[in-house]
1. Using a cut-off of 11 Å between beta-carbons, work out the net charge of the residues near Gly297 (Lys and Arg +1, Asp and Glu -1, Gly297 not included).
2. Please list, in order, the residues from the range 395-414 whose amide nitrogen is less than 20 Å from a point placed 7 Å along the Cα→Cβ vector of Gln167.
3. Name the residues whose placed amide hydrogens come within less than 5 Å of the amide hydrogen of Ala372, ignoring near sequence neighbours (fewer than 5 apart) on the same chain.
4. Mark the label point 7 Å from the Cα of Ser42 along Cα→Cβ and return the residues of the range 68-87 whose backbone N is within less than 17 Å of it.
5. So if each residue of separation counts as 0.36 nm, and I subtract the Cα-Cα distance between Ala308 and Lys395, what length gain in nm does that give?
6. To the nearest 0.05, what FRET efficiency results for Leu239 and Lys301 with a Förster distance of 51 Å applied to their C-beta separation?
7. In terms of the Cα gyration tensor, with a ≥ b ≥ c the square roots of its eigenvalues, is the range 276-439 rounded because a/c is under 1.5, prolate because a/b exceeds b/c, or oblate?
8. If I take R0 = 25 Å and measure r between the Cβ atoms of Leu257 and Ala350 in this structure, what FRET efficiency does the formula 1/(1 + (r/R0)^6) give, to the nearest 0.05?
Amino acid sequence: MNHYQDEEFVLIVDDSRTNLAILAQTLGSIGLKIRVAVDGQSALEAVECELPALILLDVEMPGINGFETCSRLKANSATQHIPIIFMTALSDTANKVKGLSLGAIDYITRPFEQEEVLARVRVHLQLHHLTKTLEEKSKVLQQQNHLLEQLTDQLEQRVEERTAALQSTQVQMVQQEKLSMLGQLVAGIAHEMNNPIACIVSNITPAKQYIADLGKIIQLYQQHYPQPALAIRQALEDLEIEFVLEDLPKLLDSMRLSSDRIKDISVSLRNFSRSDSISKVAVNLHDGLNSTLVILGHRLKANSDRPAVTIVKAYGELPQVECYPGPLNQVFMNILANAIDAIEETAPPAPQIQIQTELVENTAIIRISDNAGGIPEAVQARVFDPLFTTKPVGKGTGLGLSIARQIVQDQHGGTLRVVTEIGSGTVFEIALPTSAIFT
Ligand SMILES: Nc1ncnc2c1ncn2[C@@H]1O[C@H](COP(=O)(O)OP(=O)(O)O)[C@@H](O)[C@H]1O
Ligand SMILES: [Mg+2]
């Protein structure tokens, strides 16, 4: 009937060898393991080596007596949970009360009935087991609770991250929708401007010719009729005809220059907002870059805070590149606009943007560099994050570079990266496979 745990034992502490023998035999009869100690001091030492499941403790002993031994065991956090039963001939109430108030769980007086001792020991061992099991269970529960809390925290964080990602995707979609509508609007305007501008440009040359002809006629009249009627003479003088004839061709020349410029802008607008997005088309990337520069022209001019931004083009030999030209021009636009923003902010004495292109194997490389002082380290890691901006509300959306990266990497299988040096400037490098078969 040994249902006690293997390593479990009861410690009997008594200075009488006879008492020890009797108790050991009684408890041994039900399969309990026994260890003995003959005084308080050796009991304390024994407990230090290994914890008993229960202690039967005599009170009257030489040296450290039972009460003192009990107090010491209860004062030590390692031993305070061991159940202690006093077994003594001291049967008066005062001693019983003292023993129990010291933390003992039971008090048995001698002479005792074997059956009674066994019954009490069994009950206390069972209680001890139950308490231990409960403690272990509650520990497990605590651990599970803790785990649950951690999982909840993780879940909350994931939800937050997802929500943020979703929001930024939505903002990006709205932004892209706006851009594509703007692109359509611009393309429409550019198209509508096309015919009237072509008409003006093509009519200026004949107009100049006609005016030259009319001038000749007037000169002929003056030669052959040096004395016209008074009214005509008067009118010629009022008109300052000499000046008009000299000024008219100049006027027409400057009109031609301006209308050529309008034509350039219109071509650039159309080029820039190309919306052939169903399949890739082979285009000259330099045209896209040039068109973007024309559209940004007004932002490059000198203003009260800084001189004009010099554009240095170092174009290499690039083949036609299979791409979506509209979105790609948006990328050029975003990067160039960022460079101009950075120049506005740091106002370098000789602001400059360099655009360099080259072909490396099957990859077209476009580098757009500025001399606006670079990007601080803390900002560098985040420039491609959606919604990250260092610009005031209303000026920056923080979407330019994240959309640019998406266009270059996801739509074109290329790469977009930044190299920056604090105090000097920043380079954005776009690498694009020249042919769709490389993507
Ligand atoms: N050429 C540059 N020089 C310095 N900082 C830059 C440059 N280009 C981008 N940045 C930094 O990257 C941030 C994110 O750029 P972007 O995604 O285009 O958003 P936005 O221009 O709306 O702020 C900018 O706010 C700026 O701090
Ligand atoms: Mg931007």
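1. +2
2. 395-403
3. Result for Ala372 returns Thr426.
4. Once the point is set 7 Å along Cα→Cβ of Ser42, 69 turn out to lie under 17 Å by backbone N, inside the range 68-87.
5. Details: separation 87, 0.36 × 87 = 31.32 nm, distance 2.12 nm.
Fully extending the segment from Ala308 to Lys395 adds 29.2 nm.
6. Numbers: r = 38 Å, r/R0 = 0.75.
About 0.85, to the nearest 0.05.
7. Working: a/c = 1.77, a/b = 1.46, b/c = 1.22.
Taking the square roots of the gyration eigenvalues as a ≥ b ≥ c, the range 276-439 is prolate.
8. On the way: r = 28 Å, r/R0 = 1.13.
Given R0 = 25 Å and the Cβ-Cβ separation, E is 0.35.
The values are calculated or read from the model by the stated rules, or taken from the named source; none is laboratory data. Just so we're clear, the structure is a prediction, and the values are computed from it rather than from any experiment. In this analysis, Cβ positions are derived from the backbone assuming ideal geometry, glycine residues included, and neighbour counts consider all displayed protein chains. Surface accessibility is based on the protein's heavy atoms, side chains included, excluding ligands, DNA and RNA. Shrake-Rupley method; radii C 1.70, N 1.55, O 1.52, S 1.80 Å.
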